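Contents: one structure, followed by commentary.
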Amino acid sequence: MPSDVLVDAESLRSEVRDKYRAVAIDPSSAYHFHTGRALAARLGYEPDVVGALPEVGVESFAGVGSPFALRRLSPGERVVDVGSGAGFDSFLAAGQVGPDGRVIGVDMTPEMLAKSRATAELLGLDRVEFREGLAEALPVADDWADAVISNGVINLCADKRAVFAEIFRVLRPGGVLQFADIANGRPVPAEALRDIDLWTG
């Protein structure tokens with residue numbers, strides 16, 4: 001484990017999988033974070049675009065912001081969604097890149113992947129593909145993506161250097177990273193940094 005990684009990566013992944021498995025299976029339960037359409041509205045997503053998605057495509061959304069607030073994707077772009085969950089941002093990305101674009105969502109939670117794949121099939125989005133993988137080891141070719149998006153996922157990874165290295169590996173030269181995440185502007189006590197339960201809420 002690199003010296004700047006504060007918690008065991010596999011232990012953290014296990015807790016994150018457990019949390020988001022529950023969100024995939026039972027999105028209406030009470031969590032320490034918001035989910036679904038109400039959250040998307042609070043975060044400023046376009047109501048008409050979100051409204052066009054079926055409930056199954058929105059109900060397990062648990063992001064922290066909109067990566068599309070930074071820049072609208074362009075038609076024909078190839079996009080990687082790191083930590084795609086149930087696919088909400090991937091589906092919106094597919095709408096922006098259009099029929100000539102392509103979106104690859106990457107997630108490590110089997111229940112989220114099953115849900116996102118089923119919804120993509122329901123929507124007839126053959127330009128969207130969901131792959132099982134880690135943010136630290138993206139199953140995407142070098143220089144493939146015009147843009148990488150992510151929403152509330154990088155903060156849940158123990159080795160952020162590895163995550164950013166992978167993002168830059170899959171981005172083409174001149175490609176764009178646009179992500180929403182949680183950042184803490186004040187020092188955190190060392191014992192809190194090493195408490196996995198605080199990482200996952």
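The values are calculated or read from the model by the stated rules, or taken from the named source; none is laboratory data. Everything numeric here is computed off the predicted structure, so don't read it as measured data. FYI the Cβ positions are ideal-geometry reconstructions off the backbone, even for glycines, and counts take in every protein chain you see. These accessible areas exclude ligands, DNA and RNA; they are computed on the full protein's heavy atoms, side chains included. Shrake-Rupley method; radii C 1.70, N 1.55, O 1.52, S 1.80 Å.
Overview of results
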quantity	calculated
For ASP181, residues with placed amide H under 5 Å, excluding near neighbours	GLY152
Antiparallel %, DSSP beta bridges [both residues in the chain], to 5	5
Residue-averaged [θ]222 nm for the chain, counting only DSSP H segments that reach four residues, each worth -39500 (n - 2.57)	-10500 deg cm²/dmol
Inter-label distance for ALA137 and ASP8, nm, one decimal - labels placed 7 Å from Cα along Cα-to-Cβ	1.7
Solvent-accessible area per residue, Å², over the chain with all protein chains present [probe radius 1.4 Å]	48
With every protein chain in place, the chain: carbon and sulfur % of accessible area (1.4 Å)	54
Antiparallel bridge percentage (DSSP; both residues within segment 81-137; nearest 5)	10
Integer Hz, Karplus 6.51/-1.76/1.60 couplings in order for segment 75-87, x for Gly and Pro	x, x, 5, 9, 10, 10, 9, 7, x, 6, x, 7, x
Accessible surface of PHE164 - all protein chains present, 1.4 Å probe, nearest 10 Å²	60
Efficiency of FRET from Cβ geometry, ASN155 and ARG186, R₀ 22 Å, rounded to 0.05	0.90
Heavy-atom SASA rank of ILE182, ILE149, ILE196 (probe 1.4 Å, accessible area, largest first)	ILE182, ILE196, ILE149
Amide H contacts of ARG131 (H built 1.01 Å from N, under 5 Å, at least 5 apart or other chain)	GLY105, VAL106, ASP107
